[in-house]
Amino acid sequence: MDKRYWVGFNLVKGIGAVRLQALREHFGDLAIAWQAPADALQAAGLSAKLIERLMQVRADVDLDRLLNQMEKEGIAVLTWEDEAYPPRLKEIEQPPPVLYLRGALSEEDAWAVAIVGTRRVTAYGRQVTEELASFLARHGVTVVSGLARGVDAIAHQSALRAGGRTLAVLGCGVDRIYPPEHAGLAEKIIQAGALVSDYAPGTPPEAANFPPRNRIISGLTLATVVVEAGETSGALITAQFAADQGREVFAVPGNILAPQSKGTNALIAQGARPLLSPRDLLETLNLGRVHEQRAVRKAVPGDEVEAALLNVLDAEPLHMDEIRQQTGLPIERVSATLVMMELKGLVRQVGGNHYVAVREERPDYGA
C-alpha cells in the first residue's frame with residue numbers, strides 16, 4: 001500500500017474520513033484520486049474550494065520527500081488499511097484515516113483506559129490520578145491521555161513510574177510537543193508507548209485542534225475516567241465522545257464547593273459511574289484478566305528460546321548484545337524473538353536496544 005496519497009489527502013483541510021472514503025469509492029484508488037483533474041474531482045463530490053486546496057497541496061508538497069523526512073524523524077504512519085491500526089479506534093464513527101506515531105502501539109494497548117481532567121489540578125486530584133494511573137499500569141492496562149498540564153501529565157508520569165505503557169494523543173503534529181515543558185515527558189512516553197496524532201507533522205497546537213483529538217483519546221480506550229473538571233473543561237468533551245462511542249464513563253466525586261469538581265459531579269448526576277476505587281474499573285471492565293493472561297504467558301514461555309531470554313532478563317535493562325552473550329544464541333534469533341516477546345507483553349524495550357522483563361504485580365495502594 002502506498003501511504004503517500006493518504007498523507008497527501010490528510011494535508012488538505014476539509015478532507016476527512018467521509019470525503020476520503022467517498023474519493024476511494026469513486027476512483028477505486030487514492031493514487032488515481034490524487035492525480036485526478038479538477039472536473040473529475042468535482043464529479044466525485046468535492047467543492048470548488050476543496051479542489052483549490054487540493055491543487056495547492058499538490059503543487060507545494062513533495063510527498064516522497066515528506067515521507068522520507070518523517071522516516072528520518074522516527075514518525076510512523078498508520079492508515080485504515082494497516083493491520084496495526086487500533087481496532088477499537090476503527091469502531092468509532094468516522095475514525096481518523098491517518099494516524100502519525102512516534103513510538104509504537106502494542107497488542108497490550110487493547111486494554112486501555114483514558115484518564116483526563118483539569119489543568120488546574122488540586123492536591124486531591126493529583127493523589128487520585130497518581131494512584132489510579134499507577135494501579136492500572138501495574139495491572140497491565142495502558143493509560144491514555146493528552147499530555148496537557150495537570151491531570152494528563154500526572155497520569156502519564158505515574159504510569160511510567162509504575163513500569164506501564166502510556167499513549168499521549170496530541171492536538172498538533174507529533175513533532176511539535178505542547179506544552180513545550182513536556183518535551184522530556186514526551187521522550188519517555190515514546191520509549192514506553194507512543195505519541196499519537198491525526199494531524200500531520202508540523203501542525204501547530206492551535207486551540208481548535210484539541211476538542212476533535214479528544215475523540216481519539218476516548219476511541220482508543222475501553223473507558224474514560226474524568227478525575228477533576230470544571231464546568232467547561234475539555235475533559236467533559238472527551239467524556240461525551242466516550243458516551244457517544246458506547247464506552248464507559250467514570251467520574252471521580254469531589255467537593256461540591258470546589259470548582260474542579262463541578263464537572264465531575266455533574267457527570268455523575270447525568271449517569272456516569274462514580275469512581276470510588278481503582279478496583280471499580282477492573283471489575284466493571286473485567287480488566288483483572290489482563291494480568292492473569294500476562295502471568296500465564298510469562299510462566300509458560302512459547303519455546304525454549306523465550307525461556308532462555310526470560311532467564312537472563314529482569315527489571316534491570318540489558319542490552320541485546322549482552323543478552324546474546326549470556327544465552328549463547330545467534331543475534332538474529334535473539335532480535336527476532338525479542339520482537340515477538342514484546343508483542344506478547346513478556347518484555348519491554350526501554351531504549352537503545354535495552355530490554356527488561358515485564359514487572360510482576362506489586363500490591364496496590366489499597367491492599
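The values are calculated or read from the model by the stated rules, or taken from the named source; none is laboratory data. These numbers were taken from a predicted model, which means no experiment stands behind them. In this analysis, Cβ positions are derived from the backbone assuming ideal geometry, glycine residues included, and neighbour counts consider all displayed protein chains.
Data overview
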{"item": "In region 32-82, the residues that are of a type in the set (S, T, N, Q), part of a helix (DSSP H, G or I) and more than 22 Å from PRO201 (Cβ to Cβ)", "result": "GLN35, GLN42"}
{"item": "Filtered residues of region 110-121 (kept if crowded, with 20+ Cβ neighbours inside 10 Å and either in a loop (DSSP other than H, G, I, E, B) or not assigned by TED's automatic domain parsing to the domain that holds ARG165 (or both))", "result": "TRP111, GLY117, THR118, VAL121"}
{"item": "Test set (1) modelled with pLDDT under 95; (2) within 23 Å of ILE190 (Cβ to Cβ); (3) not assigned by TED's automatic domain parsing to the domain that holds ARG176 - GLY140 fails condition number", "result": "(3)"}
{"item": "Some residue of region 132-149 being farther than 25 Å from ALA357 by Cα, in contact with a strand residue (DSSP E or B) (Cβ under 6 Å, 6 or more places away or on another chain), surrounded by 21 or more Cβ atoms within 10 Å (Cβ to Cβ) and among the hydrophobic types (A, V, I, L, M, F, W, C)", "result": "yes"}
{"item": "Among (1) modelled with pLDDT of 85 or more; (2) not in a helix (DSSP H, G or I) - the single one ARG279 does not satisfy", "result": "(2)"}
{"item": "Count of region 4-31 residues which are under 19 Å from THR203 (Cα atoms) and surrounded by fewer than 19 Cβ atoms within 10 Å (Cβ to Cβ)", "result": "5"}
{"item": "Region 104-144, residues that are of a type in the set (Asp, Glu) and touching a Leu at 6+ places or on another chain (Cβ under 6 Å)", "result": "GLU107"}
{"item": "Any chance GLN326 is modelled with pLDDT of 85 or more and touching a Gly at 6+ places or on another chain (Cβ under 7 Å)", "result": "no"}
{"item": "Failed condition for LEU67, given (1) buried (at least 23 other Cβ atoms within 10 Å of the Cβ); (2) within 30 Å of ALA38 (Cα to Cα); (3) in contact with a strand residue (DSSP E or B) (Cβ under 8 Å, 6 or more places away or on another chain)", "result": "(1)"}
{"item": "Residue count for region 127-163, restricted to those that are in a loop (DSSP other than H, G, I, E, B), in contact with a Ser or Thr (Cβ under 7 Å, 6 or more places away or on another chain) and more than 12 Å from VAL116 (Cβ to Cβ)", "result": "1"}
{"item": "Residue that is surrounded by the fewest Cβ atoms within 10 Å (Cβ to Cβ) [pool: residues in region 164-206 that are of a type in the set (Ser, Thr, Tyr) and not in a strand (DSSP E or B)]", "result": "THR203"}
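Residue by residue, here is whether (1) of a type in the set (D, E, K, R); (2) over 20 Å from the mean Cα position of the chain (by Cα); (3) surrounded by fewer than 17 Cβ atoms within 10 Å (Cβ to Cβ); (4) not in a loop (DSSP other than H, G, I, E, B) holds:
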| residue | (1), (2), (3), (4) |
| --- | --- |
| ARG213 | yes, no, no, yes |
| GLU228 | yes, yes, no, no |
| PHE241 | no, no, no, yes |
| PRO253 | no, yes, yes, no |
| GLY271 | no, yes, yes, no |
